[in-house]
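Single-structure report; data block below.
What follows draws every value from the coordinates through simple rules; no lab data is involved. Here the structure is a predicted model, which means the values were calculated and not measured. All Cβ positions, even for glycine, are placed from backbone atoms using ideal geometry, and neighbour counts span all protein chains on display.
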Amino acid sequence: MPELSFGEKLLIARKQLNLFSYQMAEQLGVHPNSISKYERGEGKPHAAVLRMFDLLCEKHNIRFDEFEAGSAAADKGDKMKIVLAEKVSPATLAVFSAEPGWEVLTHDQLPNGLPAALADADALVVRSAVQVDDALMEHAPKLRVVGRAGVGVDNIDAEAATRRGVVVMNTPGANAVAVAELTIGLMLALARKLPAANSTMHAGKWEKKSLQGAELRGKTLGILGLGRIGLEVAKRARGFGLEIIGSDPFVSAAVARENGIKLVSLDELIAGSDYITLHVGLTPQTTGVINAKTLAAMKKGVRIINCARGELVEDAALVAALKSGQVAGAALDVFVEEPAKNTPFAELDNVILTPHIAGSTAEAQEAVGIQIAMQVREYLKLGVVQNAVNLPSLSHEEYVQLAPYIDLAGRLGSFMAQAGKGGDERGVRRLPL
Ligand code: MLT
């Protein structure tokens, strides 16, 4: 039976203890980067780190025998084919390439196109450009998992994937700091008119008078959506002396308070903020949340930052509010149509535009890539489900217990489909766990 590597054990333990890398790093007394390195199979831990790890596992009764049995089974015959449809970091590639017998195709190795490459693929990894719709998945009869290196899964038809027994995973949190940092940067850029200061200087002008700005200190920041990104924004905003209010139906007042945020209703946030930043996912409830009515209810001179999704804002209404001065400025990183062409915001001086770069830092791209690669690998090898958007998370132990029932449910589904009572035969398939 092959022994799991230290990196594999570390990842399993971290998932079982539900720790972020930095928290595991604190437990073991190492730098947070070392945790990702070990989990990628790089670097050799010091004996003292190994000892700390053993003690931690002993304390929490973490055992690896079942995983070793699982990985023995996987090693015996399971060859996997992974298609990386968009550019990923070398470290991401390395997670898959380290698996003996696994075939990995990168975006520049698809001479006959993506559909052809998917004919015998077990996993597909994308970022935000490739549309994974039902028609594409039709070409992928063996597909078991789609990994999204990033948070938003609006380029993946999760419903179609579910019907086809394909798990869709994303990487919440891995780019949260990058998005939060851009948000703060855009707030400052709006408050201090940095784009105008820069462009007038480049044009040889000295526009000191017209470039007087406003301080963030003492203003109220309204954060719509208190997930990982919203909380990272709050953490940084506190340092600027902003009052922070937040709205999120899924977060308790106590959690908000712990993060220095006063939890308020959406209406209160809209009415009470000097700056509003959006950090909610795109759902039917959040689509168009910034519209003519909510804009009219805002304080005059409010500034709006959107690093989440373009569809959260009704463009025509925001353009009108920016022209009338109801909204003093907006910073937009995301658009309904991307790449954004002929956007009406381009003509407005009080708008800062960036091309969906909030998650585009070297660190975040590395983090989302490695995280999705490890999640996909653990799913293919051990059935561990992490951060799936269409299946509850499953540990290896839970998977072992549930697998027969999942199998039974899949068989019943196929039976129903074949009997013509269960709807679309084409779409029903056993969950390939
Ligand atoms: C995300 O959804 O992760 C961010 O918008 C960044 C990206 O699309 O890659």
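With the alpha-carbon atoms of the chain aligned to their principal axes, the span from lowest to highest coordinate is 73, 60, 45 Å, starting with the largest. Considering only beta bridges that DSSP places wholly inside the range 176-353, some 0 percent are antiparallel. The H on the amide N of Val327, modeled in the peptide plane, is under 5 Å from the matching H of Gly301, Leu322, each at least 5 residues off or on a different chain.
Full extension from Leu50 to Lys87: what is 0.36 nm times the residue separation minus their Cα-Cα distance, to one decimal in nm? Walk me through the numbers before you get to the answer.
Values: separation 37, 0.36 × 37 = 13.32 nm, distance 3.44 nm.
Extending this stretch completely gives an extra 9.9 nm.
Result for the chain in a Gaussian network model with C-alpha springs under 10 Å: among Lys341, Lys87, Lys142, the largest mean-square fluctuation is at Lys341.
With a length cut of 20 Å (Cα positions projected on each helix's long axis) and a Kyte-Doolittle mean of at least 1.6, go through the chain and give me the DSSP H helices that pass.
Details: long enough: 176-191 (23 Å, 2.15); 362-382 (29 Å, 0.14); 396-418 (32 Å, -0.03).
The answer, listed by residue number, is 176-191.
For the range 176-353, what does the relative contact order come out to in percent, with C-alpha contacts under 8 Å and a separation of six or more? Intermediate results must be reported in sequence, preceding the final value.
Numbers: 323 pairs, mean separation 33.6, N = 178.
Across the range 176-353, relative contact order equals 19 percent.
By DSSP, the beta bridges lying fully in the chain are antiparallel in about 5 percent of cases.
Would you mind checking the range 270-287 for residues with the amide N under 12 Å from a putative spin-label position 7 Å along Cα→C-beta of Glu338? Answer for this model: 282. Working from label points 7 Å from Cα in the Cα-to-Cβ sense, the Lys79 to Thr354 distance is 4.5 nm. The residues neighbouring Ala191, those whose beta-carbon lies less than 13 Å from its own, together hold a net charge of +3 under the Lys/Arg +1, Asp/Glu -1 convention.
Remind me, relative contact order of the chain in percent, using alpha carbon pairs under 8 angstrom and six or more residues apart?
On the way: 738 pairs, mean separation 61.9, N = 433.
For the chain, the relative contact order is 14 percent.
Note on Asp154 and Gln401: the model spin-label points, each 7 Å out from Cα along the C-beta direction, lie 3.8 nm apart.
Would you kindly state how much longer the chain becomes between Asn61 and Ser210 on full extension, computed as 0.36 nm times their sequence separation minus their alpha carbon distance, in nm to one decimal? If you can, show how the numbers build up before the last one.
Details: separation 149, 0.36 × 149 = 53.64 nm, distance 6.47 nm.
The span from Asn61 to Ser210 would gain 47.2 nm if fully extended.
Remark: the Asn198-Leu408 segment gains 69.2 nm on full extension, using 0.36 nm per residue and subtracting the alpha carbon distance.
Each of the peptides 327-335, 225-233, 282-290 was scored by the mean count of other Cβ atoms within 10 Å over its residues; in descending order, highest first, they stand as 225-233, 327-335, 282-290. Here Ala346 and Phe20 are evaluated by their C-beta separation; at R0 = 30 Å the FRET efficiency comes out at 0.15.
Normalised by the number of residues in the range 241-304, what is the relative contact order in percent for Cα pairs under 8 Å and 6+ residues apart?
Details: 57 pairs, mean separation 20.4, N = 64.
It comes to 32 percent, rounded to a whole number.
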